[in-house]
1. Let a ≥ b ≥ c be the square roots of the eigenvalues of the Cα gyration tensor of region 1-69; is it rounded (a/c under 1.5), or, if not, prolate (a/b larger than b/c) or oblate?
2. Determine the gain in length on full extension of the stretch D35-T171; use 0.36 nm per residue of separation and subtract their C-alpha separation, reporting nm with one decimal.
3. Carbon-plus-sulfur fraction of the accessible area of region 54-148, 1.4 Å probe, in percent?
4. Between E123 and R2, what is the spin-label point distance in nm, taking each point 7 Å from the Cα along the Cα→C-beta axis?
5. What accessible area, in Å² to the nearest ten, does a 1.4 Å probe give for L125?
6. For region 1-154, just say rounded, prolate or oblate: build the C-alpha gyration tensor, square-root its eigenvalues into a ≥ b ≥ c, call rounded for a/c under 1.5, and beyond that prolate if a/b exceeds b/c, oblate if not.
7. Could you provide, to the nearest whole Å², the per residue accessible area of region 85-175 with probe 1.4 Å?
8. Cut-off 10 angstrom, C-alpha nodes, Gaussian network model of the chain. Which of C30, C124, C73 fluctuates the most?
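The values are calculated or read from the model by the stated rules, or taken from the named source; none is laboratory data. These numbers were taken from a predicted model, which means no experiment stands behind them. For neighbour counting, all protein chains shown are included, and Cβ atoms are generated from backbone atoms with ideal geometry for every residue, glycine included. Areas reflect the complete protein model, heavy atoms only, side chains present, ligands, DNA and RNA absent. Shrake-Rupley method; radii C 1.70, N 1.55, O 1.52, S 1.80 Å.
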Amino acid sequence: LRPSADAPVLGDPNAPVTVIEVADIRCPGCKEFFDKVEPKLKTNYIEKGIAKFYFWDVIPDGESKKASTATMCAYEQGKYWEYRDDLLENEASPGAGPTFTLSTEEYITKSGELGLDADKFRECLKSDKYSDYLLKRDQQARALNVDIFPTTFVNETFRLNGDISYPAVGTLIEK
């Protein structure tokens, strides 16, 4: 997987190590990765300029597509990570099955709460203009037989299927 130059990136885009989490934003494993692995990645690698981090959406259903579209609409206004993090902090919960379902209006309300222009956000969300982009990313991940979420790639070479432990990811970054 190769993120496009305009994909949302956390950290220095020129960092030598690339970490990609492939996941459905609504899956319990994604929430667990967010809670247990991502904070340590930020502190030990991303904030130090060693690694950059991408979230690669897969969209198994319409609700996941709506959630991923909302994050991209936030990206248009410079708040991708804040919006994504808010969804994972406040809406997602560990457990089996999809972790949250929000109405279009709830996504729009959340945008306003995060300081986004809610009218622009509404227009973006309802336009479905990210449909092809998200579908392409989903297809690229599935072409690599990614069917366990999250799956983490480090420098396109190393892959962890469903292993959401920090030591496993950290070991691959250190290679």
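1. Numbers: a/c = 2.89, a/b = 1.49, b/c = 1.93.
Because a/c hits 1.5 or more and a/b fails to exceed b/c, region 1-69 counts as oblate.
2. Numbers: separation 136, 0.36 × 136 = 48.96 nm, distance 1.87 nm.
Extra length from D35 to T171 when fully extended: 47.1 nm.
3. Working: 2160 of 4590 Å².
Roughly 47 percent of what the probe reaches on region 54-148 is carbon or sulfur.
4. For E123 paired with R2, the spin-label model returns 3.4 nm.
5. The accessible area of L125 comes to roughly 20 Å².
6. Values: a/c = 1.40, a/b = 1.28, b/c = 1.09.
Note, shape of region 1-154 comes out rounded.
7. Numbers: 5000 Å² over 91 residues.
For region 85-175, the per-residue accessible area is 55 Å².
8. Taking springs between Cα atoms under 10 Å, the residue moving most is C124.
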